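Novice: Please find one structure pasted underneath; my questions will follow.
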Amino acid sequence: MSKPLSKLLRREQFAFLARDRSAWGDHLDTVRAFLGEGLQSTDPTQPVLILGAGSGLEVPWALAPPDTTGWDGDPWSRMWTAARHYRWPPWVFEDLTGGMSELEATARRAVREPWSGHRRALDAAKTRLTGLLPSLVPDPNALRAWIGAHRPRTILVANVMGQFGVMAEKIVETVFGGPPWDPDPEREEPLAEALAAWTARAIKAVLRVLCESGADLWLVHDRAVVFGGGALDLGPWEDDWTRHLRAEGSSLEASDALAGVDPSSFLLGNELNLIERDRWIWPVAPGQRHLIEALAIRRKV
Ligand SMILES: C[S@@+](CC[C@H](N)C(=O)[O-])C[C@H]1O[C@@H](n2cnc3c(N)ncnc32)[C@H](O)[C@@H]1O
């Protein structure tokens, strides 16, 4: 894990924990119950892996079998978990996507001429990075290697996949010294589109490793981020997440947190069965609500 990325993750964690959590009660109860069910349904003698374990706010560690490992790129995450749960589990601090360091190095090469060190003009740097991004293919090799070595029976994916795109944007903004995106949302933004495509490749690469792991999977993730404060309801379950959301009398502004990837259709190949699914609205902050999706997926036996 590169230093700038672990610094960014640490800063994000502080910001996450410093938020006003007074409206989070239902979300925390539901997510803990779901992940807790995953921890209790596994064979307690077998290894378990928790991805995006963070500070353990959403993870009921008291229910985790003895051989449970946490995975989170934030260098303080295990310390936070120990303080919250009085437990010091084994931990991996690597980047789950395997691609963030390369993304950062590529953004640096786009911003400054490598041969002279001179800073390029903003438009030239953006065009350069937009052109380079399609050749970057994130490879979660640390995750694949860990799974190959430890053979976890169950893997929890605790609200981390929706963060890949957020972190990718933050890396680019940090290297550029500020947001390089066009502030007008109506205007085309090729760099943002190329970065969303990179994020989709990263999410798919992680899902592919999870698919091949042979483990039972308990996934919780942001499916969408909804902006604005109007009334919001959930309609019947549909394959298309945009149809889950119902706003009374007002239009909805919502963005896909997973860059167009649908985890359930991706995972439900021949070898896997959906055994449980749920979704709910998490009021993260005034004017910002997340549509959360929870999926429990088991190998066919
Ligand atoms: C929304 S928080 C999840 C909170 C966590 N489930 C808990 O119970 O506290 C997302 C977590 O994912 C971690 N994360 C984000 N991107 C990551 C990456 N590429 N590799 C490893 N960890 C990452 C962050 O450090 C953060 O702790």
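The values are calculated or read from the model by the stated rules, or taken from the named source; none is laboratory data. This one's a predicted model, so the numbers in the text were calculated from it and none came from an experiment. So basically every Cβ, Gly included, is an ideal-geometry build from the backbone, and we count neighbours across all protein chains shown.
Novice: Kindly evaluate Asp29 against the criterion of being more than 24 Å from Ala285 (Cα to Cα) and either in contact (Cβ under 8 Å) with a residue 24 or more places away in the chain or surrounded by fewer than 20 Cβ atoms within 10 Å (Cβ to Cβ) (or both).
Specialist: no
Novice: Could you please tell me which pairs satisfy a Cβ distance under 8 Å, a separation of 6+ or placement on different chains, a first residue in region 70-85 that is more than 10 Å from the ligand (Cβ to nearest atom), and a second residue that is charged (D, E, K, R) and outside any helix (DSSP H, G or I)?
Specialist: Here the result reads Arg78/Asp72, each pair linking region 70-85 to a residue that is charged (D, E, K, R) and outside any helix (DSSP H, G or I).
Novice: Okay, next question. Could you count how many residues in region 173-225 are over 22 Å from Thr106 (Cα atoms), basic (Lys, Arg) and out of contact with any strand residue (DSSP E or B) (no Cβ under 6 Å at 6 or more places or on another chain)?
Specialist: Of the residues in region 173-225, 2 are over 22 Å from Thr106 (Cα atoms), basic (Lys, Arg) and out of contact with any strand residue (DSSP E or B) (no Cβ under 6 Å at 6 or more places or on another chain).
Novice: Right, next: Counting only residues that are closer than 17 Å to Leu217 by Cβ and more than 13 Å from the ligand (Cβ to nearest atom), which one in region 40-62 is nearest to the chain's Cα centre (by Cα)?
Specialist: For region 40-62, the residue satisfying everything is Val48.
Novice: How about region 155-207: which of its residues are within 10 Å of the ligand (Cβ to nearest atom), closer than 23 Å to Ala125 by Cβ and in a loop (DSSP other than H, G, I, E, B)?
Specialist: Residues satisfying the conditions do not exist here.
Novice: Another one. Which residues, taken from region 12-27, are assigned to a helix (DSSP H, G or I) and either over 15 Å from Val166 (Cβ atoms) or more than 10 Å from the ligand (Cβ to nearest atom) (or both)?
Specialist: Phe14, Ala15, Leu17, Ala18, Gly25, Asp26, His27
Novice: Quick check: anything in region 3-11 at pLDDT below 85, farther than 20 Å from Leu217 by Cα, away from the ligand (no atom under 11 Å from the Cβ) and surrounded by 13 or more Cβ atoms within 10 Å (Cβ to Cβ)?
Specialist: Yes, the conditions are met somewhere in region 3-11.
Novice: For region 216-269, please list each of the strands (runs of 3 or more DSSP E) lying entirely inside it that holds at least 1 residues being at pLDDT 90 or above.
Specialist: 216-227, 253-256
Novice: Filter region 86-111 down to residues that are touching a residue at least 60 places away in the same chain (Cβ under 8 Å), of a type in the set (D, E, K, R) and in a helix (DSSP H, G or I) and give me whichever is farthest from Trp198 (Cα to Cα).
Specialist: Per the criteria, the residue is Arg108.
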